[in-house]
Structure formats: structure tokens, C-alpha cells
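J.: Structure incoming, see below.
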Amino acid sequence: MSHTATHSAPAALSATSNAELAALILRVSMGFLFLVHAWLKISVFTPAGTAAFFESIGFPGALAYVVIAAEVLGGIALILGTWTRWVSLALIPILLGSIYAPHGAAGFIFSNQGGGWEFPAFWAVALAVQAFFLERGETREGVSQGVARESGTALPEAARGPVHAADEPL
């Protein structure tokens, strides 16, 4: 007697690949984290306090306002899935700057006094990974199928690879 268990996924998930779901979770969680970091700078440290801190570590105070704006707008864009690749790449320098100062001098482990650079480094890598995920409708060659269709040069179905490399068999 054989018993085969059948599981049916909700319709929304059955049409979504594991790679697409992973990209969604990564994108939304990073967007949320950027909003939390911006909220901290706005409501706890205050923008003026954040600017003073930036000046105390050798950055121009005005850069604090740019960082706050980038965290808010970038966080919202990531959550909404707007320009995900470009927003991910644009936010990496902010994290690299936080590694340079203040976290770099505190060592690697984030629980060190002053917070080490392990978390900002991991976050920067996660943004880079997010940038490498192909958006729905893109081919490996980076040609948007939607743009190609509009221009009359759509790729034939056989020429399109999987949406994400993770969809390929090992």
C-alpha cells in the first residue's frame, strides 16, 4: 500500500518560483530595515543630531540629510519593487560608508562597543544579491521582454531562459 501525500499551494504561490519568492522576501525585508534606520535617525537621534554625528566622524553634516532621504525613499522603493536593481545598487555606498566610519574602527563583530562592521557588510552583500535577481520579464541578456515586445523585437519563447538562475536544474 503506498500513500502519496498531496499538498496544494495557494494559487498565488503556485505561480511563483522559489527564486521569485526569495527575491520578494529579501527586497521587502531590506526595505523595511532601511525605513527603520531612517526612522531612528529622524525620531530618536533627530536629523540635526544625525548631522552633528556625521560631522563628528568626519563626514559633512549635510550628508546626513542625503542618507536619511535615501533610506526613506530607497526603503519605500524596495518594498514597492520600484527600480529594485538600481535602488539596491544606489544604497550600497551608504552601507560602505557606514563601514568606513563609524563601524570600521569597532572591529568586525557587530556586538562590539560601537557596533562592528559585520551587519553593514552583510547588508551590502544582500543588496548586491538583490540587484542580481532578474525582474519578472527580463532575460539573462538583460533585455526587458516588455520593451522588446513594444519595439517589435521580442525574443522567441525558446530563446528566453528561466526568469531566475535558481529555476534551473542542478
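J.: For the stretch 39-56, check the following and say yes or no: at least one residue is within 30 Å of residue 134 (Cβ to Cβ), modelled with pLDDT of 90 or more and in a helix (DSSP H, G or I).
T.: The answer is no, given that none of the residues of the stretch 39-56 is within 30 Å of residue 134 (Cβ to Cβ), modelled with pLDDT of 90 or more and in a helix (DSSP H, G or I).
J.: Looking only at the stretch 18-43, which residues are within 18 Å of residue 63 (Cα to Cα) and either open to solvent by 60 Å² or more (accessible area, probe 1.4 Å) or over 10 Å from the mean Cα position of the chain (by Cα) (or both)?
T.: Of everything in the stretch 18-43, those that are within 18 Å of residue 63 (Cα to Cα) and either open to solvent by 60 Å² or more (accessible area, probe 1.4 Å) or over 10 Å from the mean Cα position of the chain (by Cα) (or both) turn out to be 35, 37, 38, 39, 40, 41, 42, 43.
J.: Please determine, by comparing only the residues of the stretch 97-109 that are closer than 18 Å to residue 53 by Cβ, free of Cβ contacts under 8 Å to residues at least 40 places away in the same chain and not small (Gly, Ala, Ser), which one is most open to solvent (accessible area, probe 1.4 Å).
T.: 100
J.: Here are some conditions: (1) at pLDDT below 95; (2) surrounded by fewer than 14 Cβ atoms within 10 Å (Cβ to Cβ). Residue 134 meets all but one. Which one does it not meet?
T.: (2)
The values are calculated or read from the model by the stated rules, or taken from the named source; none is laboratory data. Quick caveat, the model's predicted, so the values are computed rather than measured. Neighbour counts run over all protein chains shown; Cβ positions are idealised from the backbone, glycine included. Calculation scope for accessible area: heavy atoms of the full protein, side chains included, ligands and nucleic acids excluded. Shrake-Rupley method; radii C 1.70, N 1.55, O 1.52, S 1.80 Å.
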